[in-house]
Amino acid sequence: MKTLSDFNLKNKTVLLRTDLNSDVVNNKLLPSERIKKSVKTILELKKKKAKVVILAHQGRPKESDFISLKQHAKLLNKYVKVKFVKNIIGKKAEKEIKNLKSGEILLLENIRFLKDEFNPGKNKIIKKLIPLLDFYVNDAFSICHRKQTSITSFPKYLPHCAGRLLEQEVKALKKIKIKNCLYILGGAKPEDNIKLLKGNKVLACGLFGQLCTIAKGKNFGAQNRYLKNKLYLIKKLKKKLKNVLTPVDFAVKVNKKRKELLLKEFPSKYEIFDIGKKTIKEYIAEIKKAKAIYMKGPAGFCADKKFCKGTKAILNAITKHKRFSLIGGGHLNDAIKTNKNKFNHISLSGGALLRYIAGEKLPGLEVLK
Ligand code: 3PG
């Protein structure tokens with residue numbers, strides 16, 4: 001895989017696919033490690049005097065975090081001057097791209113606003129943008145498991161290479177060989193986690209923990225919108241729960257406060273936001289027994305401190321007992337505020353990392369080779 005060191009990009013118009021996808025609460029984007037880290041490659045391209053056009057996404061269609069990248073541009077501007085254009089393949093974007101001077105940076109609108117992002121091939125996005133571009137850089141390892149236009153189509157039409165973050169991630173993962181590893185699987189993308197239910201012991205938490213508990217026959221009563229959208233997975237999950245430990249208690253939100261309920265106290269009219277203290281204790285006992293740990297996604301809703309208790313306790317236990325640790329997922333990454341260097345590798349990726357560990361080939365990496 002070629003890297004930025006292999007090319008002279010002076011005066012070239014470079015399309016940089018990066019991952020800015022971060023937490024959004026009530027339409028407000030929260031500052032994130034992904035955004036902060038993405039600056040590394042942007043600055044290098046600026047120094048190389050390239051004309052940089054950034055493509056990125058936020059959320060998925062129909063989900064509440066599916067918003068414009070205007071706020072992302074604002075956050076990026078804390079580190080490097082970036083112009084934002086609320087357009088991707090129209091006249092406005094074309095004009096801005098053509099007007100770029102060496103060392104200038106332009107962020108286009110959320111690429112997932114265009115349906116063609118999900119239909120890779122020689123589509124409208126490719127037809128409109130390719131004539132304006134000279135080079136493609138993929139710096140988004142975390143999206144390399146997706147066959148999407150901005151990941152797999154551009155490198156077919158443009159000379160290309162890996163950005164620094166992608167390069168770093170691939171290097172670190174090559175070093176990591178996890179055998180008999182304890183998997184702690186949380187986060188809000190349970191469909192990804194199912195891929196890892198192949199025999200390793202699993203501690204289920206987050207939305208995934210709730211789904212596994214439902215698959216074991218429990219009725220929670222109140223269910224949030226995200227959970228309702230994932231209920232189709234229950235049938236599949238039922239067959240794969242042999243090595244999966246599920247929470248024995250949960251924290252719910254009552255009048256904006258945290259309240260813990262035992263499993264037997266459900267169904268409840270209150271929504272779940274975290275695992276409870278009994279579960280935390282049980283899970284820590286498992287962590288003590290493990291030799292290596294892979295944790296993906298937070299155990300609760302970490303954008304709200306009250307519901308980050310489970311995640312923090314688990315992360316503390318992993319560092320305290322000095323287990324070999326690989327941490328994955330943008331949201332979990334954001335939850336780790338201190339002691340970052342105590343983990344063996346902190347990845348900015350969730351689903352992509354998981355598939356990589358499960359031994360799958362990632363289309364976005366294959367096309368860069
Ligand atoms: C992530 O958050 O893991 C990446 O940004 C990919 O997002 P996706 O799962 O919506 O494709």
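The values are calculated or read from the model by the stated rules, or taken from the named source; none is laboratory data. On a predicted model such as this, the values are computed, not experimentally measured, just so you know. FYI the Cβ positions are ideal-geometry reconstructions off the backbone, even for glycines, and counts take in every protein chain you see.
In the condition set (1) within 16 Å of the ligand (Cβ to nearest atom); (2) assigned to a helix (DSSP H, G or I), residue 306 is compliant with all but (1).
The strands (runs of 3 or more DSSP E) found entirely in the stretch 190-276 that carry 1 or more residues being under 22 Å from residue 145 (Cβ atoms) and modelled with pLDDT of 95 or more are 202-204.
List, please: which pairs have Cβ atoms under 9 Å, are six or more places apart or on different chains, and start with a residue in the stretch 77-103 that is in contact (Cβ under 8 Å) with a residue 60 or more places away in the chain and end with one that is exposed (fewer than 13 other Cβ atoms within 10 Å of the Cβ)? Sorted first by the residue in the stretch 77-103, then by its partner, the pairs are 102/10. Please tell me if residue 128 is more than 13 Å from residue 363 (Cβ to Cβ), basic (Lys, Arg) and either at pLDDT 95 or above or surrounded by 19 or more Cβ atoms within 10 Å (Cβ to Cβ) (or both). Yes; evaluated as a whole, the condition is true for this residue.
May I ask you to list the residues in the stretch 141-156 that are closer than 15 Å to residue 369 by Cα and either aromatic (Phe, Trp, Tyr) or within 11 Å of the ligand (Cβ to nearest atom) (or both)? 141, 144, 145, 151, 154, listed by residue number.
Would a scan of the stretch 274-295 turn up a residue that is in contact with a His (Cβ under 7 Å, 6 or more places away or on another chain), over 22 Å from residue 193 (Cα atoms) and of a type in the set (Lys, Arg)? Taking every residue of the stretch 274-295 in turn, at least one turns out to be in contact with a His (Cβ under 7 Å, 6 or more places away or on another chain), over 22 Å from residue 193 (Cα atoms) and of a type in the set (Lys, Arg).
Suppose we keep only residues that are outside any loop (DSSP other than H, G, I, E, B) and in contact with a Leu (Cβ under 6 Å, 6 or more places away or on another chain) within the stretch 56-82. Which one would you say is nearest to the ligand (Cβ to nearest atom)? Selected residue: 72. If the condition is being within 22 Å of residue 50 (Cβ to Cβ) and in contact with a helix residue (DSSP H, G or I) (Cβ under 6 Å, 6 or more places away or on another chain), then the stretch 112-137 contributes 125, 126, 130, 132, 136. Would you check if there is a residue in the stretch 90-100 being of a type in the set (A, V, I, L, M, F, W, C), at pLDDT 95 or above, buried (at least 19 other Cβ atoms within 10 Å of the Cβ) and under 20 Å from the mean Cα position of the chain (by Cα)? No - not one qualifying residue is present in the stretch 90-100.
Summed over the stretch 46-71, the residues that are crowded, with 18+ Cβ neighbours inside 10 Å and within 20 Å of residue 350 (Cα to Cα) give a count of 4. The single condition among (1) surrounded by fewer than 20 Cβ atoms within 10 Å (Cβ to Cβ); (2) among the acidic types (Asp, Glu); (3) closer than 28 Å to residue 341 by Cβ that residue 271 does not meet is (3).
Taken together, 57, 72 contain a single residue that is under 30 Å from residue 227 (Cβ atoms) and either in contact with a Lys or Arg (Cβ under 6 Å, 6 or more places away or on another chain) or small (Gly, Ala, Ser) (or both), which is 57. If you go through the stretch 283-339 and keep only what is at positive phi and touching a strand residue (DSSP E or B) at 6+ places or on another chain (Cβ under 9 Å), you end up with 297, 329. Comparison of 43, 30 shows that the only residue that is away from the ligand (no atom under 13 Å from the Cβ), at pLDDT below 95 and either within 24 Å of residue 347 (Cα to Cα) or basic (Lys, Arg) (or both) is 30.
Looking across the stretch 215-232, just one residue is within 25 Å of residue 293 (Cα to Cα) and in contact with a helix residue (DSSP H, G or I) (Cβ under 6 Å, 6 or more places away or on another chain), and that is 215.
The numbered conditions (1) part of a loop (DSSP other than H, G, I, E, B); (2) more than 16 Å from the ligand (Cβ to nearest atom); (3) buried (at least 19 other Cβ atoms within 10 Å of the Cβ) are all true for residue 361 except (3). Within the stretch 157-179, does at least one residue satisfy the condition of being more than 21 Å from residue 357 (Cα to Cα), surrounded by 17 or more Cβ atoms within 10 Å (Cβ to Cβ), without any contact (Cβ under 8 Å) to a residue 60 or more places away in the chain and more than 15 Å from the ligand (Cβ to nearest atom)? No, every residue in the stretch 157-179 fails to be more than 21 Å from residue 357 (Cα to Cα), surrounded by 17 or more Cβ atoms within 10 Å (Cβ to Cβ), without any contact (Cβ under 8 Å) to a residue 60 or more places away in the chain and more than 15 Å from the ligand (Cβ to nearest atom).
If you take the residues of the stretch 318-344 that are assigned to a strand (DSSP E or B) and away from the ligand (no atom under 16 Å from the Cβ), which of them is surrounded by the most Cβ atoms within 10 Å (Cβ to Cβ)?
325
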